[in-house]
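A short worksheet on the structure shown next.
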Amino acid sequence: MKILVVEDDQNSAAILLHLLAESHYAIDSALDAETAWQYVETYAYDLIVLDIILPDSNGIELCARLRNAGHTIPVLLLTAKDGMHDLVMGLEAGADDYMVKPYNFQELIARIRALLRRYSDCDTLPKEFIWGNLRLDFGANKVTYNGQILHLTQKEYRLLELFLRYPQQIFSRSTLLDRAWSAGEFPSEEAVTTQIKGLRQKLKAAGISQDPIETLYGLGYRLRTAPEQVTARVAESQAIDNPENNLKENNSQQPDVKVKEIMALMTQKLQASLVDVIAMLQHLAIALQESSLDPDLRHEGFMEAHRLIGSLGTLGFPIGSAIARQIEQMLTIEFPLAATNSAELMQLIGDLQINTSDASKENQNQTEVKPESKFSANLKLPQLLIVDDDKKLVLEIKREAENFGIVVQIAYDLPTARLKITNSSPDLILLDILFPDRSENHPENHPENHPENGLTLLNELAAREPKIPTVMMTAAGGLSDRVVAARNGICAFIEKPISAAEVVQTIAEILNQKRSDHHKVMVVDDDPHILKVLQILLEKWDIEVMLLQEPQQFWQVLETFSPNLLMLDLIMPEYSGLDLCRAVRTSALWFDLPIVFLSSQSDRKTIRQLFAAGADDYLSKPILEEDLQIRILSRLERSRISRQIADIVNKV
Amino acid sequence: MTTKSILLIDDEPNLVQVIAVCLESFKGWKVCVVNSGKEGLQIVEALKPDAILLDVMMPEMDGIEVLQNLQKNPTIQDIPVILLTAKVQTCDRKEYTQMDVAGIIAKPFDPLKIADEIAQMLGW
C-alpha cells in the first residue's frame with residue numbers, strides 16, 4: 001500500500017512517516033499542495049493524509065481539485081481543534097475522514113487502516129496469502145513458513161505481498177520500484193535485484209525447497225506456481241482426459257465457486273474504476289458540446305467504452321455493455337460526431353452510470369421488458385421482436401443484432417408473439433408470415449391456406465394503436481404479397497433466403513430512423529395539474545414527456561433530456577416563460593428549438609411579447625385537446641423534417 | 001503429462017483475472033498474463049506457450065499487429081492464436097477469417113463456458 005502524506009510541519013511529518021513505515025506502508029511526503037499534486041499525477045496512491053493548512057494553498061482546495069479531476073483516492077484530513085468550519089468544508093470538498101490535532105497516533109493508524117479496508121479490495125480478499133506453507137498475514141503484517149516467523153525488511157515484505165497478491169502478473173524491475181519504493185528514494189533497478197536476493201535467502205534459510213519467485217530474464221519476476229497446486233492441476237487434467245473417469249464432474253463445483261468469487265471481486269473493482277471512466281466521458285461530452293473535443297480525448301473515450309463492452313457484459317451487466325457499445329459507436333472515428341450529439345452522448349453516459357450499479361444488475365438479466373419502463377431513461381436500447389419459426393435463422397439474427405446493441409426477443413408461434421407484444425411493446429417486429437415452417441415454396445404454405453398465420457398477426461398489428469413498425473420477411477415475394485404487406489403498413493419487405501447480417505443491417509437502419517423520429521417534449525409549468533393533463537394527452541400520442549415544475553433546474557434538464565419541442569408557461573415564480581425562452585434563443589445549441597407558450601392571457605400585448613421573445617406558437621389555457629394535438633404534432637413533424645434535411649446536408 | 005500453458009495478452013485488468021481463473025480452475029492450464037502487445041512479443045519466445053489468447057483492441061500495439069509479428073517469426077508462428085474481441089460485427093469477422101487464427105472469442109463472453117470453448121477451438 002502506498003500513502004501520500006501532505007504536511008508542512010516537518011516534525012509531525014517525520015513521526016507520521018516513521019509510524020506508517022513500521023506498518024509496512026510505502027510512504028511519500030509532500031510539504032505543499034503543488035508538490036502533492038505532482039505526486040498524485042505521477043504515482044498511484046491508496047490513501048492521502050492531508051493537512052488543511054499548507055504554505056501555498058490549503059488542504060480543502062487540494063481535495064476539491066483532486067475530486068474535480070476524477071481522483072477517488074481516499075483522503076484523511078488533519079485539522080486543528082478550532083478548525084471545525086474548515087473541517088466541514090473539507091468533507092464537503094470530498095474528504096473521507098478527519099483527525100483533529102493533536103492526534104493520537106495509534107488512532108490515526110487505525111483510521112488509516114479502516115479507510116484502506118473500505119476503499120480497497122482488502123475487505124474481500126483473504127486476510128492472508130498462501131503459497132504452499134508460506135503465509136503472509138496481511139492483517140498482522142507477518143510472514144511465516146511452516147509456522148516460523150520470517151523477519152523481512154519492509155521492501156522484502158512489500159515485494160512478497162505484490163507477488164502473492166497478483167500471482168499471474170509479471171513485474172518488471174521498474175514496476176517493482178514504482179510499487180514498493182517511495183518517490184523520495186532514488187534507487188537503481190539493482191536495488192530490486194538486491195531485495196529479491198535477500199528475500200530468497202531468507203526463504204531458503206527458513207527451509208523452503210522451491211523458490212516462489214521466478215525470474216524471467218529480460219522481463220522481470222513473477223510468482224511461481226506452488227508445488228501442490230501443480231500436482232493438483234495435473235491430476236485434474238488427467239482426469240478430464242480420461243473419459244471413464246468421473247473426476248471432472250465431481251471437481252466442477254469447486255471451479256464454479258472459485259470463478260464466481262473472482263467475478264464478484266472483479267465486479268467490485270470494475271465498479272470502483274467506473275467513477276473515473278464516467279468522469280472522463282462526461283468531460284468528453286462537455287468538450288464536444290463546446291466544440292472543443294480533442295481527437296486524443298475522443299480516442300481515449302472510444303478505447304474506454306470499448307473495454308467496458310467486454311468487462312461489463314462478462315461480469316453481469318449486459319445492458320451496461322450494450323450502452324457502452326453505443327457510446328463506442330458514437331466515438332468511433334467514422335461517426336460524424338458534432339456538438340448536436342453531445343446531449344445524446346450525455347444521456348448515454350447517464351444511462352451507463354445507472355446500469356452499472358448493483359441495483360440494476362438483477363434487472364439486467366431478465367428477458368422481459370416491463371411495460372412501465374417504455375420511456376424509462378434507464379433503458380434506451382432498441383427492442384426487436386422476431387416472429388419466425390426458422391430457429392436457425394432466428395438465432396443467427398439474434399446474435400448479429402446483439403452485436404449492434406439491439407435487445408432481441410423471439411416468438412416461434414403467434415400466441416407467444418401476441419403475449420410479447422402486449423407485455424414488452426417492442427420497437428420493431430420482424431415477422432415471417434409463413435407458419436409453420438415447411439418448404440416455403442410449397443403452395444400449401446401460402447398464407448391463405450392456413451386459418452391463422454403471420455398475415456393474421458400483420459392484420460392485427462395494422463389495426464393496433466400506437467403502431468409498431470413491422471418488417472415482413474418471407475420467401476413468398478410475389479407482387480400480391482408485397483401489395484398485401486404495403487396495405488398493412490409494413491416499413492420494409494425482406495425476401496428469403498437472406499443472411500442474418502443483411503437482415504440486421506435493414507433493421508438497424510429502420511431503428512436509427514425511428515430513433516430520430518421519436519418525439520420528446522419538455523413542459524415547464526408551475527401548476528402540477530396542467531403538467532399532469534399534458535402528460536396524459538401527449539403520451540397518448542406516443543410522445544415522450546419531461547415535466548418540470550421548478551424552472552431552477554431548467555437548463556440541466558434541457559441538456560439531459562434533449563427535447564424536440566419546449567412548452568413553457570408564461571407566468572412562473574423566479575423565472576418566467578419569457579426569461580427561459582430568451583435564454584434558449586441565445587444558446588448556440590438550442591436556438592432553433594420549437595417553443596410553444598401556454599398562457600391564460602390572450603391579449604395582443606402579451607402575444608406580441610411572446611413572439612418578440614422568440615416563441616413559435618402559443619396555446620390558451622384552458623387547453624383543448626384538439627388544439628394541442630394539431631399545434632404540437634404539426635410542430636414536431638416540421639421539426640423532424642428539418643432534422644432530416646440537416647442530416648442530409650451534413651452527409652453531403 | 002505436461003500442463004498446457006497459455007499466454008494471455010489483454011490490457012483490460014478486470015477481465016484478465018477472470019479469464020485466468022476460469023482457465024486454471026476448469027482446465028488446470030497454466031496462464032501467464034501480460035497487459036500489452038509489446039510485452040507479449042517479448043515474452044512469447046521465452047515462454048513458448050501452447051496457445052495464445054490475444055485481445056484485438058489495445059493501445060500502442062493492437063492485437064492484429066501482434067499477430068502479424070508472431071506469424072513472421074518461424075520459432076513461434078505455429079503457436080495457435082485465439083482472438084479475444086468486442087469487435088465482432090460482420091465486417092470484422094470477415095477480416096478475422098483471413099488471418100489464420102485458431103478461433104475468435106467474442107466479448108462479452110460467459111466465464112463459465114470460455115474454458116470449454118477454447119478447448120474446443122484448440123482441440124485439447
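Each value in this text was obtained by applying a stated rule to the coordinates, not by laboratory testing. All values derive from a computational prediction rather than experimental measurement. Note that each Cβ is placed from the backbone with ideal geometry, even for glycine, and that neighbours are counted across all protein chains shown.
What the table shows:
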{"item": "Three-way shape call for region B:1-68 based on the alpha-carbon gyration tensor, with the a/c threshold at 1.5", "result": "oblate"}
{"item": "Averaged over B:99-110, number of beta-carbon atoms from partner chains that fall within 10 Å", "result": "3"}
{"item": "Order of B:76, A:327 under a 10 Å beta carbon neighbour criterion, fewest first", "result": "B:76, A:327"}
{"item": "Per-pair calculated FRET efficiency, R0 = 56 Å: residue A:211 and residue B:117 via Cβ, rounded to 0.05", "result": "0.95"}
{"item": "Restraint check, A:197/B:38; A:420/B:107; A:532/A:621; A:391/A:467, Cα-Cα greater than 18 Å", "result": "A:197/B:38; A:420/B:107; A:391/A:467"}
{"item": "Residue among A:316, A:352, A:259 farthest towards the positive dipole end of region A:256-364, charges placed on Cβ", "result": "A:259"}
{"item": "Point-charge dipole on Cβ atoms (K/R +1, D/E -1) for chain B, about Cα centre, debye to 20", "result": "260"}
{"item": "Listed residue pairs exceeding 21 Å between alpha carbons, taken from A:155/A:204; A:202/A:258; B:27/B:48", "result": "A:202/A:258"}
{"item": "Note, ³J(HN,Hα) from phi for region A:130-136, Karplus 6.51, -1.76, 1.60, rounded to Hz, x at Gly and Pro", "result": "10, 9, x, 9, 8, 10, 10"}
{"item": "Counted charge near residue A:176, where neighbours are those whose Cβ lies closer than 10 Å (Asp, Glu -1; Lys, Arg +1)", "result": "+2"}
{"item": "Total formal charge among the other residues, if their Cβ is under 11 angstrom from that of residue A:554, Lys/Arg +1 and Asp/Glu -1", "result": "-4"}
{"item": "Positive minus negative residues near residue A:7 (Lys, Arg vs Asp, Glu; Cβ under 12 Å)", "result": "-4"}
{"item": "Relative contact order (%) - chain B, alpha-carbon pairs under 8 angstrom, separation at least six", "result": "24"}
{"item": "Residue order, fewest to most surrounding Cβ atoms within 10 angstrom, among A:547, A:348", "result": "A:547, A:348"}
{"item": "Interchain or long-range residues, amide H under 5 Å from residue A:410's placed H", "result": "A:386"}
{"item": "A:18, A:24, A:529, A:306 arranged by Cβ crowding within 10 Å, fewest neighbours leading", "result": "A:529, A:18, A:24, A:306"}
{"item": "Peptide A:296-307 - average C-beta neighbours from other chains (10 Å radius)", "result": "2"}
{"item": "Positive-end residue, region B:5-122 charge dipole about Cα centroid, Cβ charges, pick of B:43, B:54, B:115", "result": "B:115"}
{"item": "In order through region A:145-150: 3J(HN,Hα) via Karplus (6.51 cos²θ - 1.76 cosθ + 1.60), integer Hz, x for Gly, Pro", "result": "10, 6, x, 8, 6, 9"}
{"item": "Structure-based [θ]222 nm, chain B - -39500 (n - 2.57) summed over DSSP H runs of at least 4, per residue, nearest 500", "result": "-13000 deg cm²/dmol"}
{"item": "³J(HN,Hα) computed for each position of region A:592-604 - Karplus, 6.51 cos²θ - 1.76 cosθ + 1.60, integer Hz, glycine/proline x", "result": "9, 5, x, 10, 10, 8, 10, 7, 8, 9, 10, 6, 5"}
